[in-house]
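These notes are about the structure you will find just below.
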Amino acid sequence: MYLLIFGCAPVTVATPPDTAANLHPQSDWRLLRILWPYARRHWKLLLTALAFLPPLALADAVQPLILQRALDGPIAEALERGDGILLGLWPYVGLLILTVLLRWAFQSLEGYSSQKLGQLMTRDIRNDLFAHILALPAQFFDRTPVGKLITRMTSDVEALGDVFSTGAVGIVSDLFTLAVIAVVMLSQRWDLGLLLILIVIPMSAIVVELQRRFRDANFRVREELSKLNSWIQENILGITVVQLFRRERLNGQIFQTINRHYIHEVDQTILYDAALSAILEWVSWLAIAALLWVGGQQVLAAGTEMLREDLGGSLPAPSEPLTFGSLYAFILFSQRFFNPLRQLAEKFTALQSGFTAVERIDSILSLPLAIRDPLQPRSLPRSGGGEVRFENVFFGYSPGEWVLKNLTFTIRPGEKVALVGPTGAGKSSVIRLLCRLYDVNQGSIRIDGVDIREIAQAELRQRLGVILQDGFLFSGDIQQNITLGEEGELADVERAARQLNLHEFIRDLPQGYATPVRERGSNLSSGQKQLISFVRAMWRNPSILLLDEATASLDVGTEALIQSALETLLQDRTAIIIAHRLSTIRDVDRILVLQHGELKEQGSHTELMALNGLYASLYRLQDLGG
């Protein structure tokens, strides 16, 4: 009977571009094995849900027998006597009511346990998926739209929660009920029981084919939903550009096209789901008709001689003649026998959606974490002054396309170094590699003589203070955006702000350090967000400071505040500064000039201008442009 819903062959599904290397045809058994560790965490609840299945199945099987005994006993006797007095019927009525009450109670308890199990599993899977996504390398986010990840975290996780809450436990219950009813039917009347079972078997091939088609269609639904979410997210984030360039109509048309494709795929899943339900309903009535035809003849013949003649005497006759009560009981058996199949059809959509979601989520969870801590991490020297050394570094975001080529340089402790060069020279890649957002393809990067791949990521990033051009803020308040979840008293945060002369700026905000910050800091100006980023870096007291266009695109007043804060922040620290405005880095100790990922020149501003090379050319161009 397992074939009715699961099938035995692997199902081939279309593969999305972003996970093509990770998705592969998987059987339903393998997908269940992926979910099993999450169910095992709550094994007591799982056993509780399963414990209610035997009494539920027995209640389903016993009720037709009680009705049969009542029909063939007190009711048949009253008809024979012709007095209309039903003697001894009340015990059967009481038993029937008792089985109904017990079935209701056990069904409620089993449903509650299953739903709770599914929700707990959904919570655990979502937690693991979110933690895994945060630990994935930066390359993954370079090629994966945010909307696809949101779909994985929301609708996909919800769908797979139904695999156990609505699907797996419910299927075990339905299959157990089928088995119990089949045994009871065969023990009562093997011929009628066998007739019902033989009617069900040919349905398996049809249902397996519908399952395959539904799975393929549902996978396409998930992919189209991911595209839909990605387009919505992209347009909301870029709403200013959309409105400024009057893209509302064009973007709306693109959305309508994506939405139309999504609805088309949803319609396909509805078609297969409806087809399965219709087939099961038709076959259930066919079974009742067959029972009435075969059983009715046996009742009228008061035995099985007519059936034996039709079968050529090859089968032994049932030991007892078929009574009206037995026939009625078998009609009820047929309904009870097909009820689990109908319920399987009702669970079909949720179950197959869940299996599709498991495949998609597993394609994320199975992605290796390229940036890992070493098994035995080394610690940076406590007395280290922040020396940075790049040794023959090769790096590319795509295989064979080098962004940095044989890059070698050393920054001494406390030295202030600027990275300059044309767009695409690899300046920001140097910062990303030093933070170990990416690993080098060849060569090594050392801090105080220790390869950064041998250092735990938490310790490495404690030594680094990074300030980017766009000061990203999270929802919360100012203090939370400075500490970013680390333990810290308000007095410590205020002390860091005072060191940068930014305490007054924060105190003048509507609620000071408790001022609420909306999503992405939308209620603060770019300058205010950047000033908070400087306090964030100061609060961590890093030995190495990395600034990537930290003072770009700011008004004069804010830039003056930042320059003052920067002077304090740079004291006694190694600093790597990326700046396109070369006039802002004239006073650094050394300037490294990059072009096409190679170090072309290095020296002070005066030395490089005297060299009259690439740096001097860039400086004069900016000077003329200014």
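The values are calculated or read from the model by the stated rules, or taken from the named source; none is laboratory data. Computed from a prediction, not measured in an experiment: that's the story for all the values here. We place every Cβ from the backbone using ideal geometry, glycine too, and count neighbours over all the protein chains shown. These accessible areas exclude ligands, DNA and RNA; they are computed on the full protein's heavy atoms, side chains included. Shrake-Rupley method; radii C 1.70, N 1.55, O 1.52, S 1.80 Å.
Just a few scattered comments:
- Condition check for D448: in contact (Cβ under 8 Å) with a residue 60 or more places away in the chain and open to solvent by less than 50 Å² (accessible area, probe 1.4 Å): yes
- Leading residue by the ranking (modelled with the lowest pLDDT) among those in the stretch 537-555 that are open to solvent by less than 10 Å² (accessible area, probe 1.4 Å) and of a type in the set (G, A, S): A550
- The residue that is modelled with the lowest pLDDT, counting only those in the stretch 330-350 that are within 25 Å of the chain's Cα centre (by Cα) and open to solvent by 10 Å² or more (accessible area, probe 1.4 Å), is T349.
- For the residues D142, D128, D156, D124, the requirement of being surrounded by 19 or more Cβ atoms within 10 Å (Cβ to Cβ), in a helix (DSSP H, G or I) and of a type in the set (D, E, K, R) singles out D156.
- Residues of the stretch 192-220 classified as farther than 21 Å from V358 by Cβ and open to solvent by 20 Å² or more (accessible area, probe 1.4 Å), total: 11
- Residues in the stretch 358-392 that are assigned to a loop (DSSP other than H, G, I, E, B), open to solvent by less than 30 Å² (accessible area, probe 1.4 Å) and over 25 Å from A39 (Cα atoms): I371, L380, G384, G386.
- Count of the stretch 413-424 residues, restricted to those that are more than 24 Å from Q462 (Cα to Cα) and buried (at least 22 other Cβ atoms within 10 Å of the Cβ), is 2.
- Test: L276 is under 25 Å from F337 (Cα atoms), crowded, with 16+ Cβ neighbours inside 10 Å, modelled with pLDDT under 80 and under 41 Å from the mean Cα position of the chain (by Cα): yes
- Number of the exception - G512 against (1) over 30 Å from G400 (Cα atoms); (2) in contact (Cβ under 8 Å) with a residue 40 or more places away in the chain: (2)
- Matching entry among L86, L79, L71, L23 (being more than 30 Å from S114 (Cβ to Cβ), modelled with pLDDT under 75 and not in a helix (DSSP H, G or I)): L86
- Pairs where the first residue, in the stretch 464-481, is buried (at least 20 other Cβ atoms within 10 Å of the Cβ) and the second is assigned to a loop (DSSP other than H, G, I, E, B) and charged (D, E, K, R), C-beta under 9 Å, 6+ apart: G465/R573; L473/R518
- Only one of the numbered conditions (1) open to solvent by less than 10 Å² (accessible area, probe 1.4 Å); (2) over 21 Å from L570 (Cα atoms) is violated by L490, and that is (1).
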